[in-house]
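A quick write-up on the structure given underneath.
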Amino acid sequence: MRMSQMFGKTLRDDPSDADTAGHRLLIRAGLVAQVAAGVYSYLPMALRSMRKIENIIREEMNAAGAQEVLMPVIQPVELWRQSGREEAFGPTLLHLNDRRERQMVLAPTHEEAVTDLARRHVRSYRDLPINLYQIQTKLRDEARPRAGLIRVREFHMKDAYSFDTDQDGLDVAYDKMVQAYWNIFRRSGLDVVAVEADSGAMGGSDSQEYMLLADTGEDELVNCPACGYAANVERARSRYAPAPDTGEPNDIEIIDTPNMTTIAELAEFLSIEESQTLKAVFYVHDGEFIFVAIRGDLDVNEVKLANALGGGELRLASDEEVKAAGIVAGSASPVGIDNVRKLGDLSATQGANYVAGANDAQKHFRNVNHGRDFQLDDVIDIAKAEEGHGCPRCDEGTLNFSRGIEVGHVFKLGTKFSEAFSANYVTQDGEEKPMFMGCYGIGVGRLLGAAIESRHDDEGIIFPASIAPYDIHLVSLNPGDEEIASAADEVYNSLTSAGLEVLFDDRDESAGIKFSDADLLGMPLRVTVSRRSMRDGRNAELKLRSRDRDSATIVPIVNAVQEARGLLNELSGAN
RNA sequence: CGGGGCGUAGCGCAGUUUGGCAGCGCGCCGCGUUCGGGACGCGGAGGUCCCCGGUUCAAAUCCGGGCGCCCCGACCA
């Protein structure tokens, strides 16, 4: 491609409304153009990169035995009512009416469509297992699009869906997809890690997310350097120090704690550890007031809590609601409050002789013990993993915290959708049973955005070779010089006819502009033909984007193809 | 959805406080010089000052309403 002909220009200045480095580079390099909040046009270079990502995905999906299909973006709302997800998605689901006033939706994902498809075509266990995938547009009216391609409202996703006769079959299908995912991320040249994930509104059992580590990532992750345990904080378990050993339960007593409303104040006032206190947090879940007790030094993980409550709307209770429940905020007590539903974290039931509120702004109880002094309606693990907590899986590790961008997510759905849609098959015994499903997604555009977010320097993008729009950025300097121009053309032709993909900067621009643009655009290999390179014979200069300026090498033009290949191979080996 | 910010040429911005010729840099077009890390000279084009309404002799500027975009949070398969 000759750059003089290419659509999409680089910008000299950073766009004012881009915050993250990746977003800035996407705009400055002329890869995308914003149309509305979270809605983008993809220009030629971005599209080339996305096509390469898609092809890697396609090859790995096909190799894993999945078959490509294409399902509609526009779907009758009835499908979504049947699964119950019209409500679950809420305003994120885009609705529209067709000319006959039939209610339609624009699909944010395709579990409904694919389950409907499978139930029409699968009759018998002989038709299973199958795995269907597509690479296709999704629409989600996100409340807050952000960071360029990281969270958008219209995007391309590869989504695959497996159908099996039973849980064992699902486990096999899931493991195959997991393996395919590792292949995809390895081939794309990106450092992706897998973490245990919350399965959210998708439901189902096992779920893993694939995360590209980046400080600007939306997700907080923990990992154990000792045993490799890794999880999204939403889901993470952790091991924390037990409360101080206070021996056998002592008699409960009431003590004065004038105007102590926070755990920190209380612990200091009494000269005890925060872990020797119990605190209470109040939520409203689908309209019901919920009292949650947890050890004073821990925090509630709201995602875990919401899951324990079986989904639905969960929010912190307002001051008025707390008061209306007859509770004194800041000194709330699990003791003697029996008119509301009381939940507790595991920590509240371990240890003894806690200090807890007395439901009086001036007083607390000492020596409060679970079972004797208060009961809980449910005891669950809802503590949030914190800095300093130990690994829940091994005894050695302390959890590390980092941030990441979710680029893939796999779920074991089980029979959630197949039961809702009566997507059944007939067993060998002639019995009708629901299919076991799994679903597996990768955001193509997000992967591109995340790649740029994680692979750049001050000058610009550093594309992994396998997903770079072009292999080579050929720069011709002194284009007014006949000899140089024809040598550059010759290099362009020989590289191109050797099957290499070349972006040829044939513009009449200064060396500074051309080199800066080459750095900004980030192709893996830069080849320069100029008076200087031709000074001692017909030579070209080769330089890898990921290396320093002085690492450039001069090679004879007749060897350019071979030398370029060598450097590119070296690079993909290093990926 | 709550909080904050912004909207003036393709991009980045000044001008708004105190109403009075719509400006600067980059980019773009033409000519010439220059030519390995964002060169220079001369000439030129480019505007619904987000939209609607109001006040005023006069509105980018003041008032009312609306829309859009960005950031923080809530939400997020």
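Checked against the criterion of being closer than 17 Å to residue A:479 by Cα and among the charged types (D, E, K, R), segment A:536-551 contains one or more residues that satisfy it.
Only one entry in A:35, A:77, A:69 is within 10 Å of RNA strand B (Cβ to nearest atom) and among the β-branched types (Val, Ile, Thr), namely A:35. Specify which of the listed residues (A:471, A:505) is open to solvent by 10 Å² or more (accessible area, probe 1.4 Å), more than 30 Å from residue A:116 (Cβ to Cβ) and not hydrophobic (A, V, I, L, M, F, W, C). Selected residue: A:471, the only one of A:471, A:505 that is open to solvent by 10 Å² or more (accessible area, probe 1.4 Å), more than 30 Å from residue A:116 (Cβ to Cβ) and not hydrophobic (A, V, I, L, M, F, W, C). Evaluating residue A:216 against the criteria (1) β-branched (Val, Ile, Thr); (2) at pLDDT 75 or above; (3) more than 10 Å from RNA strand B (Cβ to nearest atom) leaves one unmet condition, (3).
Residue-wise test of (1) open to solvent by 80 Å² or more (accessible area, probe 1.4 Å); (2) within 30 Å of residue A:33 (Cβ to Cβ); (3) in a helix (DSSP H, G or I).
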{"residue": "A:46", "(1), (2), (3)": "no, yes, yes"}
{"residue": "A:49", "(1), (2), (3)": "no, yes, yes"}
{"residue": "A:71", "(1), (2), (3)": "no, yes, no"}
{"residue": "A:78", "(1), (2), (3)": "yes, no, yes"}
{"residue": "A:91", "(1), (2), (3)": "yes, yes, yes"}
{"residue": "A:96", "(1), (2), (3)": "no, yes, no"}
{"residue": "A:108", "(1), (2), (3)": "no, yes, no"}
{"residue": "A:112", "(1), (2), (3)": "no, no, yes"}
{"residue": "A:119", "(1), (2), (3)": "no, no, yes"}
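Based on this model, can you work out whether residue A:19 counts as part of a loop (DSSP other than H, G, I, E, B) and either in contact (Cβ under 8 Å) with a residue 12 or more places away in the chain or in contact with a Ser or Thr (Cβ under 8 Å, 6 or more places away or on another chain) (or both)? So residue A:19 fits the description; yes. A Cβ distance below 8 Å, combined with a sequence gap of six or more or placement on separate chains, defines the contacts here; from segment A:237-254, residues that are more than 17 Å from residue A:348 (Cβ to Cβ) and open to solvent by 50 Å² or more (accessible area, probe 1.4 Å) reach residues that are assigned to a strand (DSSP E or B) and polar (S, T, N, Q) in the pairs A:250/A:367; A:251/A:367; A:253/A:367. When A:482, A:453 are checked against the criterion of being of a type in the set (Asp, Glu) and within 38 Å of the chain's Cα centre (by Cα), A:453 stands alone in meeting it.
Tell me the residue from A:170, A:149 that is touching a residue at least 24 places away in the same chain (Cβ under 8 Å) and in a loop (DSSP other than H, G, I, E, B), please.
Just a single option satisfies the conditions, and that option is A:149.
Applying a threshold of 6 Å to beta carbon distances and a minimum spacing of six or more residues, or different chains, the list of pairs starting in segment A:107-118 at a residue that is in the same structural domain as residue A:434 (by TED's automatic domain parsing) and touching a residue at least 40 places away in the same chain (Cβ under 8 Å) and ending at one that is open to solvent by 10 Å² or more (accessible area, probe 1.4 Å) and in a loop (DSSP other than H, G, I, E, B) reads A:110/A:71; A:113/A:71. Counting the residues of segment A:170-179 that are open to solvent by 10 Å² or more (accessible area, probe 1.4 Å), farther than 16 Å from residue A:416 by Cβ and not acidic (Asp, Glu) gives 4.
Here residue A:466 meets each of (1) more than 32 Å from the chain's Cα centre (by Cα); (2) hydroxyl-bearing (Ser, Thr, Tyr); (3) more than 9 Å from RNA strand B (Cβ to nearest atom) with one exception, condition (1). Meeting the requirement of 3 or more residues that are within 15 Å of RNA strand B (Cβ to nearest atom), the strands (runs of 3 or more DSSP E) wholly within segment A:409-461 are A:436-443. Tell me whether segment A:9-28 contains one or more residues that are charged (D, E, K, R), within 9 Å of RNA strand B (Cβ to nearest atom) and within 20 Å of the chain's Cα centre (by Cα). Yes: segment A:9-28 contains one or more residues that are charged (D, E, K, R), within 9 Å of RNA strand B (Cβ to nearest atom) and within 20 Å of the chain's Cα centre (by Cα). Restricting attention to segment A:121-136, the residues that are surrounded by 15 or more Cβ atoms within 10 Å (Cβ to Cβ) and of a type in the set (Ser, Thr, Tyr) add up to 2.
Looking only at helices (runs of 4 or more DSSP H) that fall completely inside segment A:254-368, which ones have 1 or more residues that are modelled with pLDDT under 75, within 36 Å of the chain's Cα centre (by Cα) and farther than 30 Å from residue A:84 by Cα? Outline the logic, then answer.
Values: elements: A:263-270, A:302-308, A:319-324.
Answer list for segment A:254-368: A:263-270, A:319-324.
Of the strands (runs of 3 or more DSSP E) contained entirely in segment A:473-575, not one carries at least 3 residues that are at pLDDT 95 or above, more than 8 Å from RNA strand B (Cβ to nearest atom) and of a type in the set (Gly, Ala, Ser).
The values are calculated or read from the model by the stated rules, or taken from the named source; none is laboratory data. All figures in this text were calculated on a predicted structure; none of them were measured in a lab. When we count neighbours, we look across all protein chains shown, and the Cβ atoms used for this are built from the backbone with ideal geometry, even at glycine. Just the protein is used for accessible areas: all its heavy atoms, side chains included, with ligands, DNA and RNA removed. Shrake-Rupley method; radii C 1.70, N 1.55, O 1.52, S 1.80 Å.
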